[in-house]
Amino acid sequence: MTENFSRFIPNEFLRLLGKQSVNELRLGDFVEKEMALLFTDIRNFTSLSESMTTEENFRFLNSFLKRMSPVVENYGGFIDKFIGDEIMAIFSDSESAVKAALEMRIELRAYNNHRKELGYQPIETGIGVHFGKLMMGTVGYDERLQTTVVGDTVNMASRVQKLTKVFGIPFLMTDAVYKRLENPENFLLRELDSVRLRGKKTPIVLYESFDFDPLPIQEKKSAYSSQFQIALFQYKAGNFSEALIIFDECAAHCAEDPIPPIYAKRCRYLIQNPPRQWTGISIVK
């Protein structure tokens with residue numbers, strides 16, 4: 001019975017709650033932990049699903065989840081829940097979460113090759129990772145219990161994942177994750193932006209990993225990495241004209257990089273519309 005229930009309630013969840021089996025679960029059981037949360041979903045899933053029958057939808061979802069889910073387990077994490085096409089996974093440390101995210105991108109490349117062979121269009125995903133305190137426990141009522149994870153960390157991780165669409169990149173992590181990486185130099189990382197999410201007082205710093213970009217793009221981004229950081233510093237300092245020159249140079253060097261054009265557009269707007277008070281922090285929904 002325990003083995004069967006583990007298909008619905010991860011054994012790792014029980015272990016963190018200090019339980020041996022689902023029979024020991026009680027309404028209101030909870031524990032507070034500091035962990036890394038990873039959210040990933042399929043881009044434009046709604047439009048994709050509209051072109052498929054109900055049976056095709058479920059086959060497609062399960063084929064995607066079947067490839068991504070083992071990656072989480074390979075790095076010591078576990079999946080808390082599937083939310084439609086979205087995966088919510090939990091890791092004890094940032095390093096494992098980031099490595100899992102990178103392998104998910106590698107697995108996606110293999111999956112898209114498979115889809116291409118079958119005559120299907122490739123798909124794209126977005127991944128967001130955040131680290132912080134969260135509460136794990138049971139909610140519901142006596143006749144219907146459900147394990148869940150709640151807290152600001154959960155909301156933040158989900159919103160960071162959604163920001164990948166705004167920046168047009170597949171992966172984002174917060175500074176809370178970056179600061180807890182044992183060897184950040186082992187990854188191809190760059191600071192992307194300082195943002196304050198609507199409803200939040202404290203800004204966060206976002207980082208991008210481009211480890212899974214094609215090698216030529218990795219080399220281009222790495223080549224102007226220092227220039228990009230200088231431009232970002234000038235931008236945050238309010239020196240928009242100086243920043244614009246460098247961002248345009250970066251954009252010319254790598255047309256596949258969507259970030260320099262975003263900043264160049266921002267700089268042109270801010271030059272024409274000087275802000276009264278400049279903090280260098282972006283406000284996003």
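Reported count of residues in the range 246-285, each being surrounded by 15 or more Cβ atoms within 10 Å (Cβ to Cβ) and part of a helix (DSSP H, G or I), is 17. Screening the candidates 96, 63 for the property of being within 26 Å of residue 206 (Cβ to Cβ) and surrounded by 12 or more Cβ atoms within 10 Å (Cβ to Cβ) yields one hit, 96.
Do we find that residue 147 is hydroxyl-bearing (Ser, Thr, Tyr), in contact with a helix residue (DSSP H, G or I) (Cβ under 7 Å, 6 or more places away or on another chain), touching a residue at least 12 places away in the same chain (Cβ under 8 Å) and farther than 27 Å from residue 214 by Cβ in this structure? Criteria met by residue 147.
Residue-wise test of (1) surrounded by fewer than 18 Cβ atoms within 10 Å (Cβ to Cβ); (2) under 30 Å from residue 261 (Cβ atoms).
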| residue | (1), (2) |
| --- | --- |
| 143 | yes, no |
| 148 | yes, no |
| 154 | no, no |
| 171 | no, yes |
| 176 | no, yes |
| 189 | no, yes |
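I want to confirm something. Restricting to the range 26-41 and keeping residues that are of a type outside the set (Phe, Trp, Tyr) and buried (at least 18 other Cβ atoms within 10 Å of the Cβ), which single residue is farthest from residue 152 (Cα to Cα)? Step by step, filter the range 26-41, then rank; the result is 41.
Condition check ((1) of a type outside the set (D, E, K, R); (2) in a loop (DSSP other than H, G, I, E, B)) across all residues:
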site: 177; (1), (2): yes, no
site: 180; (1), (2): no, yes
site: 194; (1), (2): yes, no
site: 199; (1), (2): yes, yes
site: 211; (1), (2): no, yes
site: 217; (1), (2): yes, no
site: 220; (1), (2): no, no
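Residue by residue, here is whether (1) assigned by TED's automatic domain parsing to the domain that holds residue 105; (2) among the hydrophobic types (A, V, I, L, M, F, W, C); (3) within 30 Å of residue 82 (Cβ to Cβ) holds:
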| site | (1), (2), (3) |
| --- | --- |
| 156 | yes, yes, yes |
| 180 | yes, no, yes |
| 205 | yes, yes, yes |
| 225 | no, no, no |
| 236 | no, no, no |
| 241 | no, no, no |
| 246 | no, yes, no |
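Of the residues examined, residue 125 is one that is of a type in the set (Val, Ile, Thr), modelled with pLDDT of 90 or more and surrounded by 20 or more Cβ atoms within 10 Å (Cβ to Cβ).
This table checks each residue for (1) modelled with pLDDT of 95 or more; (2) closer than 30 Å to residue 103 by Cα.
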{"site": "226", "(1), (2)": "yes, yes"}
{"site": "236", "(1), (2)": "yes, no"}
{"site": "242", "(1), (2)": "yes, no"}
{"site": "248", "(1), (2)": "yes, no"}
{"site": "262", "(1), (2)": "yes, yes"}
{"site": "280", "(1), (2)": "no, no"}
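Selection of first residues in the range 257-280 that are within 22 Å of residue 227 (Cα to Cα) and of second residues that are acidic (Asp, Glu), restricted to Cβ pairs under 7 Å at least 6 apart or on distinct chains, gives the following pairs, ordered by first then second residue: 264/248. Here the condition is being outside any helix (DSSP H, G or I), touching a residue at least 12 places away in the same chain (Cβ under 8 Å) and either within 22 Å of residue 173 (Cβ to Cβ) or in the same structural domain as residue 173 (by TED's automatic domain parsing) (or both); of 88, 68, 52, it holds for 88 alone. Quick check: is even one residue across the range 226-241 of a type outside the set (Gly, Ala, Ser), crowded, with 19+ Cβ neighbours inside 10 Å and under 22 Å from residue 108 (Cα atoms)? No, there is no match, as no residue in the range 226-241 is of a type outside the set (Gly, Ala, Ser), crowded, with 19+ Cβ neighbours inside 10 Å and under 22 Å from residue 108 (Cα atoms).
Just so you know, in the range 222-233 the residues that are in a helix (DSSP H, G or I) and of a type in the set (Phe, Trp, Tyr) include one that is nearest to the chain's Cα centre (by Cα), and it is 228.
The values are calculated or read from the model by the stated rules, or taken from the named source; none is laboratory data. Bear in mind that the values here come from a model prediction, so they are computed numbers and not experimental data. Note that we place each Cβ from the backbone using ideal geometry, even for glycine, and neighbour counts take in every protein chain shown.
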